[in-house]
1. Taking the stated definitions as given, is Gly122 closer than 22 Å to Arg200 by Cα and either within 14 Å of the ligand (Cβ to nearest atom) or without any contact (Cβ under 8 Å) to a residue 12 or more places away in the chain (or both)?
2. Considering the range 213-230 alone, what residues qualify as being buried (at least 16 other Cβ atoms within 10 Å of the Cβ), without any contact (Cβ under 8 Å) to a residue 60 or more places away in the chain and assigned to a helix (DSSP H, G or I)?
3. Provide a single number: the residues in the range 138-170 that are without any contact (Cβ under 8 Å) to a residue 40 or more places away in the chain and closer than 14 Å to Gly122 by Cβ.
4. Within the range 87-99, restricting attention to residues that are of a type in the set (D, E, K, R) and open to solvent by 60 Å² or more (accessible area, probe 1.4 Å), which residue is farthest from Pro117 (Cα to Cα)?
5. When you go through (1) surrounded by fewer than 17 Cβ atoms within 10 Å (Cβ to Cβ); (2) within 16 Å of the ligand (Cβ to nearest atom); (3) in a strand (DSSP E or B) one by one for Thr84, which number turns out not to apply?
6. So which residues in the range 141-179 are assigned to a loop (DSSP other than H, G, I, E, B) and more than 16 Å from the ligand (Cβ to nearest atom), if there are any at all?
7. Could you list all residues from the range 194-207 that are part of a loop (DSSP other than H, G, I, E, B) and open to solvent by 10 Å² or more (accessible area, probe 1.4 Å)?
Amino acid sequence: MLVVGNWKTYVRTREKAKKLLVAAKRLALGRKIKIVIAPPAPYLGLFTASRGGVALASQDVSESLDSTETGEVPAPLLKEMGVTYAIIGHSERRARGETDAQIREKVQRALVHGITPILCIGESERDADAKYLAHLRTQITSALSGIPAKDLLDIVIAYEPIWAIGKSDEDAIQPADLMETVLYIRKVLGDFIPGKGATRVKILYGGSAEPENARALAGGGGVDGFLVGHASVDAKMFAGIVKALKQ
Ligand code: PEP
C-alpha cells in the first residue's frame, strides 16, 4: 500500500512542516505501508537532511526543456532534492489551465529523470450515461500516449473524482463505485500495456479519504493506496488512515 500526503498549500510555516514530517517518519517506521509526502516546493529542502523512511514527492514538475524559464521547477532539480515521486495533472492545476499536452510532457520529463509520476485523473461529475468514463479514458490516453510500455509499469495513477475532493468521508466515493472505476481504469491501461502488465500499475484513490472510510475503500475499492489532501496535514487523521490500512 502507498499513502501519499498532498500538503498542497495548507502548510505555511516551517514549524508545522517539521512537526508533520516527524509524525510521518513515525508512520513510516517498520510498516508495510509506504509513506510519501508532497510538501509545498519551498519546503522540499526540509526533507533532504533527514526523512527516515518517508519518500519525497513534488506537487508538480515543469514540462519545460529550456533552462531559462523563470519560476519553473524542472525534474533534474527536483531529483537533486531527493524527490522520487511527482504529482502530475492534479485537478487544481488543470483548473488553472494545465492542458493534456502539458501533462503528457510532464509525465515524460519525470520518467526521463527517474521520478515516478503520480498521474491524477478524475471527473467533475458522475452522469447517469457514464460519460465520465469516456472522460477518464481521454485523460489517461492523452497523458500516456507515446510512452514506452515498460515505463508505464512505473507510473502511479491517482483516481480523484473532483466532486469528492476537500469534503468529508461521507462525501467520498462508495467502495463498489470505486471498484468499478478502478477496473475500468485498468482496462484502459490494458490498451497501452501488453499482457497482464496493467494489473501491476498502482492505482490510488483521492477525494476525502479519512480514517473513517480508508479501510472500506481499500478493501472494497480495489485500490493500492490513497492520495490524501486535507487529512494529510492533520497528524492524527493521517495516522488514522495509515493505521486503518494496517488492520
Ligand atoms: C487532493 O486534492 O488530492 C485530495 C485528495 O484532497 P482531499 O483529501 O482533501 O479531498
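1. Details: closer than 22 Å to Arg200 by Cα: yes; either within 14 Å of the ligand (Cβ to nearest atom) or without any contact (Cβ under 8 Å) to a residue 12 or more places away in the chain (or both): yes.
The answer is yes for Gly122.
2. We begin by selecting, within the range 213-230, every residue buried (at least 16 other Cβ atoms within 10 Å of the Cβ); these are 213-215, 217-218, 221-230.
Filter once more, so that each one left must be without any contact (Cβ under 8 Å) to a residue 60 or more places away in the chain: 213-215, 217, 221-222.
If the condition is that a residue be buried (at least 16 other Cβ atoms within 10 Å of the Cβ), without any contact (Cβ under 8 Å) to a residue 60 or more places away in the chain and assigned to a helix (DSSP H, G or I), then Asn213, Ala214, Arg215, Leu217, Gly221 are the ones that fit.
3. The qualifying residues number 1.
4. First pass over the range 87-99, keeping only residues of a type in the set (D, E, K, R): 92-94, 96, 98.
In the following step, the residues that additionally are open to solvent by 60 Å² or more (accessible area, probe 1.4 Å) were identified as 92-93, 96.
Numbers: Glu92: 16, Arg93: 15, Arg96: 20 Å.
For the range 87-99, the residue satisfying everything is Arg96.
5. Unmet condition: (2).
6. Of the residues in the range 141-179, the ones assigned to a loop (DSSP other than H, G, I, E, B) are 145-148, 153-155, 160-161, 165-168, 172-174.
Ser145, Gly146, Ile147, Pro148, Leu153, Asp154, Ile155 - these are the residues of the range 141-179 that are assigned to a loop (DSSP other than H, G, I, E, B) and more than 16 Å from the ligand (Cβ to nearest atom).
7. Taking the range 194-207 as the starting set, the residues that turn out to be part of a loop (DSSP other than H, G, I, E, B) are 194-196, 201, 206-207.
Result: Pro194, Gly195, Lys196.
For every residue, the table says whether it meets (1) under 18 Å from the mean Cα position of the chain (by Cα); (2) within 12 Å of the ligand (Cβ to nearest atom); (3) at negative phi.
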position: Gly190; (1), (2), (3): no, no, yes
position: Pro194; (1), (2), (3): no, no, yes
position: Gly197; (1), (2), (3): no, no, yes
position: Ser208; (1), (2), (3): yes, yes, no
position: Val223; (1), (2), (3): yes, no, yes
position: Phe226; (1), (2), (3): yes, yes, yes
position: His230; (1), (2), (3): yes, yes, yes
position: Val242; (1), (2), (3): yes, no, yes
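The values are calculated or read from the model by the stated rules, or taken from the named source; none is laboratory data. These figures come from a predicted structure and were not determined experimentally. We place every Cβ from the backbone using ideal geometry, glycine too, and count neighbours over all the protein chains shown. Surface areas here come from the heavy atoms of the whole protein model, side chains and all, with no ligands, DNA or RNA. Shrake-Rupley method; radii C 1.70, N 1.55, O 1.52, S 1.80 Å.
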